[in-house]
Amino acid sequence: MGVPVVAYSDCTGVKEFVRDGYNGLMADRSRTEDTLAIALRRLMSDRALREKLGRNGPESVSEFTLERYRSNWVELIESITERPR
């Protein structure tokens, strides 16, 4: 959608496709300050950064297609249901 992501860096799933500074900003939850709010403020105040991260987003997740998702599930199911000969 061309919108940069802001997330915590320890967030399972999200950290698999968000690359800090490329298609979004990752915040370190373990730090004392509110890093998520800091990252959001950074995006709100920096139009060029928002646009750059937003442009990179679609390309960075292009491998996550519905066809690939289906294919991976079929392969997994077949691999665990195959009977030894």
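The values are calculated or read from the model by the stated rules, or taken from the named source; none is laboratory data. Fair warning: this is a prediction, and the values are worked out from it, not measured in the lab. Every residue, glycine among them, receives a Cβ derived from its backbone with ideal geometry; neighbour counts consider all protein chains shown. The protein model used for the area step is the full one, side chains on, heavy atoms only, and it has no ligands, DNA or RNA in it. Shrake-Rupley method; radii C 1.70, N 1.55, O 1.52, S 1.80 Å.
If you roll a 1.4 Å probe over the heavy atoms of the protein chains, what accessible area per residue do you get for the chain, in Å²? Intermediate results must be reported in sequence, preceding the final value.
Numbers: 6770 Å² over 85 residues.
Roughly 80 Å² per residue, with all protein chains present.
If each DSSP helix of 4+ residues adds -39,500 (n - 2.57) and the sum is divided by the residues in the chain, what number results at 222 nm, nearest 500 deg cm²/dmol?
Details: 4 runs with 45 residues, N = 85.
Theoretical 222 nm ellipticity from helices: -16000 deg cm²/dmol.
Assuming R0 = 41 Å, can you tell me the calculated FRET efficiency for the pair ASP28 and GLU59, based on Cβ-Cβ distance, to the nearest 0.05?
About 0.95, to the nearest 0.05.
Explain nothing, just the number: dipole magnitude of the chain about its Cα centre with +1 on each Lys and Arg Cβ and -1 on each Asp and Glu Cβ, in debye rounded to the nearest 20.
Working: 14 positive and 14 negative charges, 35 e Å.
Roughly 160 debye for the chain.
Say R0 is 35 Å: what FRET efficiency, to the nearest 0.05, do ASN72 and ASP46 get from their beta-carbon distance? Display every interim value, and only then the final one.
Numbers: r = 37 Å, r/R0 = 1.04.
For ASN72 and ASP46, the calculated efficiency is 0.45.
If amide hydrogens are placed 1.01 Å from N in the peptide plane, which non-local residues have theirs closer than 5 Å to the one on ALA27?
The answer is ALA7, TYR8, SER9.
Lys/Arg Cβ at +1, Asp/Glu Cβ at -1, dipole of region 28-82 taken about the Cα centre: which of SER30, ASN72, SER60 is farthest positive-ward?
Positive-end residue among those listed: SER30.
Expressed in nm to one decimal, what extension gain is obtained for the pair ILE80 and ASP20 from 0.36 nm per residue of sequence separation less their Cα-Cα distance?
Length gained, ILE80 through ASP20: 18.0 nm.
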